[in-house]
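Note sheet for the following structure.
Throughout, read-outs are computed from the coordinates displayed, never taken from laboratory work. Keep in mind it's a predicted model, so treat the numbers as computed, not measured. FYI the Cβ positions are ideal-geometry reconstructions off the backbone, even for glycines, and counts take in every protein chain you see.
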Amino acid sequence: MQLPILKGQQITVRRLKRSDCESLYKHLKDQKVLRFLVSVPNPYRRKYSRPWVNWTHRAARADTDYHFGIEHNLEHEIIGGISLSTINHVHHKAELGYWLAHRHWRKGYMYEAVGLVCDFGFNQLQLHRIYAHVMNINRASAALLEKHGFIREGILRKSIRHNNRWHDMYVFAKLRGE
Ligand SMILES: CC(C)(COP(=O)(O)OP(=O)(O)OC[C@H]1O[C@@H](n2cnc3c(N)ncnc32)[C@H](O)[C@@H]1OP(=O)(O)O)[C@@H](O)C(=O)NCCC(=O)NCCS
């Protein structure tokens with residue numbers, strides 16, 4: 001599908017463009033962001049961005065994963081990413097993922113982005129369940145999901161090998177109408 005533009009007060013959630021590659025690299029090479037992201041290569045290299053943006057376009061066309069950029073409404077630059085991925089059209093569920101450039105943390109931007117994307121998922125995609133997997137050490141992400149009404153359903157014990165350590169993953173989920 002053609003990804004929609006989701007306009008918030010401070011940020012806009014939109015399709016990634018090839019001209020966003022430099023911003024993606026600038027923000028994603030930061031260890032403060034990377035240390036919580038289990039699916040992004042570390043170290044993150046400039047050459048990864050272009051194939052990644054192309055892949056997000058193919059995945060959206062195939063309706064398997066919807067990856068958006070988060071654009072700052074005043075700076076007009078990509079400052080983060082948010083996704084509904086592994087979309088299951090039979091069981092109407094998808095996995096939520098996100099990251100934000102470090103200098104923009106704690107301004108309410110991701111709270112806004114998660115609200116916009118969940119509304120899109122529940123109302124436009126007719127999802128029944130949106131879930132997220134959060135590393136046990138990631139208190140900010142767990143608190144963000146709880147503030148949005150996600151329920152912590154369980155723990156996947158030592159399910160991720162990250163930075164030479166095993167980590168428990170918390171499973172959070174929100175159902176349509178909750
Ligand atoms: C997690 C992350 C996306 C939060 O984004 P953010 O824009 O800073 O979050 P917001 O400012 O919208 O905060 C919304 C709520 O989340 C919680 N929260 C955010 N950062 C927090 C922190 N450092 N400590 C505790 N709670 C935090 C709070 O409940 C906050 O509400 P409040 O400000 O009213 O207390 C950001 O820290 C980030 O990109 N981290 C690195 C990547 C990452 O962890 N991705 C998620 C992987 S599962």
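Between residue 168 and residue 140, what is the label-point separation in nm under the 7 Å Cα-to-beta-carbon projection?
2.2 nm
Along the Cα→Cβ direction, 7 angstrom out, place labels at residue 77 and residue 159. What is the inter-label distance in nm?
Output for this residue pair reads 3.6 nm.
Suppose the Debye formula is applied to equal point scatterers at every Cα of region 30-178; what is log10 I(q)/I(0) at q = 0.12, 0.17 Å⁻¹?
Ignoring solvent entirely, the Cα scatterers give -0.51, -1.10.
Whole-Hz Karplus ³J(HN,Hα) for region 29-38, in order, using 6.51 cos²θ - 1.76 cosθ + 1.60 and θ = phi - 60°, x for Gly and Pro?
My calculation for region 29-38 gives 7, 6, 4, 5, 7, 5, 5, 9, 9, 8 Hz in order.
Apply the Karplus curve 6.51 cos²θ - 1.76 cosθ + 1.60, θ = phi - 60°, to the phi angles in region 143-151 and return the couplings in whole Hz, x for Gly and Pro.
5, 4, 5, 5, 4, 8, x, 6, 9
For residue 7 paired with residue 54, estimate the spin-label separation in nm (one decimal), with each label point 7 Å from Cα along the Cα-to-Cβ line.
Each label point lies 7 Å from its Cα, and together they span 3.3 nm.
Are any of the pairs 17/107; 32/93; 26/107; 17/147 more than 23 Å apart by Cα-Cα distance, and if so, which?
Beyond 23 Å: 17/107; 32/93; 17/147.
In whole Å, how far is the Cα centre of region 60-118 from that of region 1-41?
Using only Cα atoms, the two centres lie 8 Å from each other.
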